[in-house]
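A short write-up of the structure that comes next.
Only the coordinates and a few stated rules stand behind these numbers; no lab work does. Just so it is clear, the model here is predicted, and its values are computed rather than measured. Heads up, the Cβs are rebuilt from the backbone with ideal geometry, glycines too, and the neighbour counts pull from every protein chain shown.
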Amino acid sequence: MNTARPVAPHFRKPLLETPFHDRARELQQNDHFVAWAGYSTVDVFTTVEQEYFAVRNATTLYDLTPMVKYRIAGPDAERYLNRLVTRDVRKLKVGRVSYVVWCNDSGHIIDDGTIFRLGPQDFRVCTAERQLDWFSDSAIGFDVAIEEVTGDIAALAVQGPTSCFVLKRFGLEGIERLRPFELGEFTVGGWPIMASRTGFTGDLGYELWMRPADAVSVWDELMAAGRTRGIRPIGSQALNMARIEAGFLLPNVDFVSAEHTVRINRDRTPLELGLGWLVDFDKPHFTGRRALLLQREQGLKRLLVGLDVAGNKPAHNALLYAEEAGRREVGSVTSAMWSPTCKRNIALAIIDAPYHAVGTTVWADIYLNRELVWERRMAAARVVGRPFFAPERRRATPPADR
Amino acid sequence: MSAATVPFDVIIAGAGHNGLVCAATLARAGRRVLVLEAGATVGGCAVTREFAPGFRVSAGAHLLHQMPAGLIDELGLAAHGLEFAATGLPTTALAAGAAPLEIGDAAALARRSAADARAWPLYDARLRRFARLLHGLLAAPAPRLGSDAWSDRLALGKLGLKLRLLGKRDMREFLRVIGMNAYDLVTDEFESPLLKGALSLDAVLGTNFGPRAPGTVLTLLYRLAAESAAGPRALAQPKGGMGAVSQALARAATAAGATIRTAAPVARIAVREDRAAGVVLESGEELAAGTVISNADAKTTFLKLLGPEYLDTGFVRRVDHFRSRGVTAKLHLAVDRLPAFGGASPRALGGRLLVAPSADYVERAWNHSKYLEWSAQPALEITLPTVHDPALAPAGRHVLSAIVQYAPFAPEGGWQAQKPLFLEAVLGVLEAHAPGLRDSILAAELSTPADLEREFRMSGGHWHHGDLAFDQFYMVRPVPGAAQHSTPLAGLYLCGASCHPGGGVMGIAGRNAAHRVLAEAAR
Amino acid sequence: MAAASQRRHDVIVIGAGHNGLVAACYMARAGLDVLVLERNDYIGGAAVSRKLYEDFTYSNCSYVCSLLRPEIMRTLELPRFGLQIIPYEGGCTMMRDGGHLALYDNHDALRRELSRHSKRDAEAYDRFSRDIIRQCKFIKPLLMREPPDPTSFKPRDLMELLYLGQRLYNVGEQRMYDTIRFWTMSAADFLDEYFESEIVKAHFSGSSIIGTALGPRSPGSAYVLLHHYMGDIDETVGAWGFARGGMGAVTAALAGSLQASGGSVRTAAPVEQVLIRNGRARGVVLASGEEIEANTVVSNMDVKRTFLKAVAPEHLPEDFLTAVGRFKIRGSSGKLNIALDGLPTFPAIPAGAPCIRGDMHITDTIAMMERAYDDWKEGRWSAAPYVDMLVPSQIDPTMAPDGKHYMSVFVQYCPYELADGPWTDAKRQAFGATVIDAIARQSPDFKSLIRHAEIRTPWDIENEVGLTEGNIFQGELTMDQLLFNRPVPGYAQYRTPVRGLYLSGSSTHPGGGVMGAPGANAARRVLADLGRGDTR
């Protein structure tokens, strides 16, 4: 049942290994592992640049297994989820996936994730962090069973412009007909595989969900199928670049879960994170609804926006000011990078009203360490819409054949 | 009748005394009020019923000592038939095989301890001063913290001012004792075990604490505060039992124009567009009203009648954690003669008789309930209602009504097996104080918290709907977000003992809920 | 009568406990001539390292360093004067069924450990920590401040009240309610709001009862849980640990710091009375009859010992005396210091688990802990006591000869007065045997390894250290004895009814533990009253 192989006790080796761990260890060149949700995963296999460009030009494999997964089933499963998340789960058809957030009573985001509707009252919810505490308390009064199945399912993200081709060659017949946010069940070489057209790169891509026992074989066959399409495994750093270009938010980077904040005013609502499109006020009650309605009425004090920063120096952790002189602080950058694809210096930032309106120019206070000498740049930064990069191929069905 | 045409402004779910006070108050303000009661009679815990052929008893609360005199007058309960069989009843601490002690009887106290007799008047006066301060706090609705509303700030300011007006000495002492436990308070002041035992029991009656638990001075003062508001009538026995209070309240409500329907259990609260829109009865009948007030406890209201799907998870979590497991049982005996409590005067027999021979006795009784056992030596508050109201029993016969502490909601082994054993233990204690009582018993009824939950539809069978303790008191009672009668759902209000100031037949929560509804409508 | 000493000191501090020394250090650094008088022939009060058996060192009262304020360590330069704190990780509770629950610093290891008992609890733990840390952050700044007198109209008190109110207000409505509830709940009820597993609740509730005459079901016990977290926030990271060389190292470093600032300590100088003339403290009289004069006297003794023994009643208002008499200082803890031939084995703990180097416990349900408390209420030591047991010699080689070990066993509950008459040596031995038997149930070789055991009842601790009833906090930490109520309403600002006489011990705000805050606060009050600047 558990993917973890017999290993040293947790007090000697706190991190688990995913079923792909042996392959990852063979292929990585830097011994660069990081902890993710209790698992040891690769941060960089070879170089970040090579891995990043593979996301945008070829096919990449990314070990998603540590993504926390819950099975939520029972007579009240739909009603339960609809009260949990801000989107209308009734509108989610069987065989489809939805990106969702859920909030606490004050409307502050606890986490984001995806809901897979496997049956009328049978769902899988993938989350960034463990949610059993909140999910269980949310289940008071609902006839629903919640089970964490993270270790029961191995998962692999197959992302990049040639990913559809690779998967077809791998044996997922008909994968090209899968539309964005749709899922399908396949069998390849006797291995049952669920594939969903989802991902965190903002590019064409799929996620494969399989039995842990099949994981290594699937990996090997995929690598073989993708050999002529430049397939390569990637680590979390390359993925992080892709997701910033796609304008996706990362918990604990762009916001902190309201279940974890210790200080005052560190919580963020979906409206403040620019995720208002995920909040459906017309559906039945959900946790945080009344607080969010009030916030909508009163207006936002801050908003997470995209920034186009002048120059080519990433505005990591920069404080933002209203004017070049740097007197009035109006926000701060949460994620920043030089976008190799857009050739733009982009960033995500939380900015106070009224400076968050698209088109406004604010000033980013950028610190540069140049051979141990710190330099400071005030760079103009224009508020722009997200995503920064959204290629057509992301949505095209069927995707390109080669 | 179709839901759309029902002409009610307000539906109140539950005709307990708070529901009735709320109904009467709203009806007098011109609201069209419908009260729906699940049971066959009104009254909730303030009810008189037959427990053995020809024997009637106040099945829940058995004395009226906390309803403010002003409220009784305001609603004209006397005009609506409320009569008292006796008022100003004495409290007497029983001692097996020794002379009893009437609390407040200086001479009797002096016979036991000269030091106690000296200390008593000072102690009593000081606690009554504190009680008066607390009374203002009990009578007014709890303010919200951190709100920008001037009414909340004013309420907090008034509280601070009242505290200051106590004077430096009293204020310091108040701020010290308020967080104390009753055991230490009475041990610091007195030496007579009987006096300390009686005061300790008063501090913990109806609560899930022993007298050594910090916060029990608060519950002791709470009791005194309510009594002080009740005025000279304090500790009164309504003629016809506590049901008579409810009947008078019902008549007052009806006279003001309210409609009361019994045997009409509410199944759920109807919600439309995120507002309470009425109720659905268990029969399926739908009744519409723009305002719904629940006299049920917080757990029943939010988790059963409304349902978590209309509420936020954090709020539901808090409601779920509202401690509402009662540890108080009720004993009713039909006896063929007046029990002979050793040495108790006829006056004493007509009042409250306490079996709490020492503070340690009460604490030990509580120990059991921590481990889901019933007290081997329970503490008792006994009344003999037939002394002042012979009509409650056939001629020459008597009724004994006792509050018994402690009995867990769900004892190890289950009540079915445990109840006869527990009854035996209670009767053993009674027999020790009133030799021969056992032979006079014609019928006995023991209601455990589980029985009380069924009979009175209170989650956990808790007298107060939920523990009275600092963490469930005032602005956090029953839970933050519902501590000012209004709830997270617009149009839904609470008016029962789950609200500040809690249980006891007081009626304050009902009145304050009504005022809240009226004030919000005026806005 | 012996002649008065030649010199009149600026300040005399009665008692060389850690708070007395902290106060003395601050005052000496401000240029005052400070003399500390200690009745024992060694310094330290309850923070001592003693060689009572062969080459073993016993931290024979307090045994871990957790709450010592970092600002005090910094200002008084304690590391320079030899204080080394060795952090320890983890801790565990062994279960009667052979299982165990361990705590690990690594978050993933801890989650996996907790989830062996309950998956849900493993995740609820994060919420639990978050809420406790929120409360820590709220309370921490209050530790080093003087509590306001709420009845006073003095600007300072009003400002301080306003500060408190503002702090509370700033956290927002919901957190204000959380704070009110947290400070008034029982540990058992509080833990029920997070955890379902009995062993998880039992483990965490342990820290709520240490040193107190409360059970885990007593309201007001929840906030004591803070103590286990206070060391984990902000700049105090790593504060939980052993003082290398035992707890006496803390007071030795303080004494070193004091000496360097020109202050001095005199041991074997028990103070009999505070000298009071014209309503003002003028010095002290030793048991020998010797008089030592000083302009200011700071008593580091607890409030009862100070005012019921060392100050003649005619100098004190009757109300004050009554209040002191009613101040609750209850003996509820015992202590065993054990010299061991080797490290005992605990079959419940897996081989190699680091938790054996932390605090170990054997109480696996809250009910068991509560029953231990019931015994205390009846004037008996607990038949199945809660123990907080540590073997510092595993990481501190100065505590025992090579290969041998020193085990510190803190025991809850043990009454000061037994229901069946005074403590006798036979009863002390029986108490010790109860504790040793309880531990031996988790360790088959434990008894055979014992070379020597020092058994300390509250009565012993009182007689040796001078703490009334042997209470480690110099007074219960209940709502009625905290903040402006500690020790006596109206006298919570380190001053007393006698001019020139101050209190610096744990009887004052913020209370117990080897924290040093009362001493530092008292020194600041003295210096302010003398018109001297703050030395921090």
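Numerical summary
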quantity	calculated
Positive dipole terminus of chain B, leading residue within B:Pro308, B:Ala256, B:Ala410 (C-beta point charges)	B:Ala256
Charge dipole (the protein assembly as shown, unit charges on Cβ, about Cα centre) - positive-most of B:Ala356, B:Ala244, C:Leu336	B:Ala244
Alpha-carbon spread of chain C, three principal axes, descending order, Å	66, 58, 48
Aspartates and glutamates whose Cα lies under 12 Å from that of B:Lys162, excluding same-chain neighbours fewer than 8 positions away	B:Asp170
Spherically averaged projected area in nm², based on the convex hull that wraps the Cα atoms of segment A:233-310	7.8 nm²
Average other protein chain Cβ within 10 Å of Cβ, residues B:265-277	1
Tail weight of P(r) past 35 Å, computed on alpha-carbon pairs of chain B, percent	32 percent
Acute angle (nearest 10 degrees) that the helix B:359-370 long axis makes with the longest principal axis of chain B, alpha-carbon atoms	50 degrees
Hydrodynamic radius of segment C:101-176 per Kirkwood, over alpha carbon pairs, in Å	15.2 Å
Global geometry of segment B:188-289, whether rounded, prolate or oblate, following the gyration tensor of its Cα atoms and the 1.5 cut on a/c	prolate
Rounded tilt (10° steps) of C:248-260 against the dominant C-alpha axis of chain C	30 degrees
Relative frequency of Cα-Cα separations exceeding 23 Å in segment B:410-508, percent	47 percent
Ordering of B:120-130, B:176-186 by packing [mean C-beta count within 10 Å, highest first]	B:176-186, B:120-130
FRET efficiency estimate (nearest 0.05) - Cβ-Cβ, B:Ala490 to A:Ile264, R0 35 angstrom	0.80
Nearest-ten-degree value, helix C:155-170 long axis tilted from longest Cα axis of chain C	20 degrees
Proportion of all alpha-carbon pairs of segment C:324-391 beyond 16 Å (%)	62 percent
Projected label distance in nm at A:Glu371 and C:Ala268, using a 7 Å step from Cα toward the beta-carbon	7.0 nm
Kirkwood-based shape ratio for segment B:143-205, expressed as Rg/Rh from alpha carbons	1.17
Cα convex hull of segment C:287-335 - mean projected area over all directions, nm²	5.3 nm²
Residues C:His509, A:His260, C:His203, B:His368, sorted so that the one with the fewest Cβ neighbours within 10 Å comes first	A:His260, B:His368, C:His509, C:His203
Averaged over C:373-381, number of beta-carbon atoms from partner chains that fall within 10 Å	2
Along each principal axis, Cα extent of segment A:23-62, largest first, Å	31, 20, 16
Residue order, fewest to most surrounding Cβ atoms within 10 angstrom, among C:Ile395, A:Ile350	C:Ile395, A:Ile350
Debye, to nearest 20: dipole size of the protein assembly as shown, +1 on Lys, Arg Cβ, -1 on Asp, Glu Cβ	2880 debye
Reciprocal mean inverse distance between Cα atoms of segment C:239-357 - Kirkwood radius, Å	19.0 Å
Net charge contributed by nearby residues that have their C-beta within less than 15 Å of B:Ala258 (K/R +1, D/E -1)	+4
Cα centroid separation, segment C:96-168 to segment B:202-255 (Å)	37 Å
Exposure proxy ranking, count of Cβ atoms within 10 Å, fewest first, for B:Lys304, A:Lys91	A:Lys91, B:Lys304
Fraction in percent of alpha-carbon pairs per bin - 5 Å, segment C:387-493	2, 10, 15, 17, 16, 14, 10, 7, 4, 2, 0
Rounded Å value of the spacing that divides the Cα centres of segment B:482-523 and segment C:387-427	55 Å
Among A:Glu392, A:Glu329, A:Glu51, residue whose mean-square fluctuation peaks in a GNM of chain A (springs only between Cα atoms under 10 Å)	A:Glu392
Percent RCO, i.e. relative contact order, over chain C, from Cα pairs under 8 Å lying at least 6 residues apart	25 percent
Largest to smallest principal axis extent of the C-alpha atoms in segment B:328-407, angstrom	43, 23, 15
Where only alpha carbons of segment A:3-149 are counted, the Rg and the Dmax (Å)	18.0, 51
Separation between Cα centres of segment A:59-87 and segment B:55-93, rounded to whole Å	58 Å
Calculated log₁₀ intensity ratio I(q)/I(0) where the Debye formula runs over C-alpha points of chain A, q = 0.09, 0.11, 0.12, 0.13 Å⁻¹	-0.56, -0.86, -1.02, -1.19
Set of lysines near B:Lys158 by C-alpha distance (under 21 Å), chain-local residues within fewer than 8 positions excluded	B:Lys168, C:Lys154
Rotationally averaged projected area of the protein assembly as shown (alpha carbon convex hull; nm²)	58.7 nm²
Helix-only CD estimate at 222 nm, as mean residue ellipticity for chain B, using -39500 (n - 2.57) per DSSP H run (n ≥ 4)	-11500 deg cm²/dmol
Chain B: relative contact order as a whole-number percent, Cα under 8 Å and 6+ apart	25 percent
Taking segment C:392-489 and dividing mean pair separation by its residue count, relative contact order in percent (alpha carbons under 8 Å, at least six apart)	18 percent
Charge dipole magnitude, Cβ of K and R +1, D and E -1 - chain C, Cα centre, debye nearest 20	1080 debye
Distance violations [Cα-Cα > 20 Å] among B:Lys299/C:Lys201; C:Lys335/C:Lys427; C:Lys404/C:Lys447; C:Lys137/C:Lys304; B:Lys304/C:Lys119	B:Lys299/C:Lys201; C:Lys137/C:Lys304; B:Lys304/C:Lys119
Segment C:244-268 residues near the modelled C:His452 label - backbone nitrogen below 14 Å, point 7 Å along Cα→Cβ	none
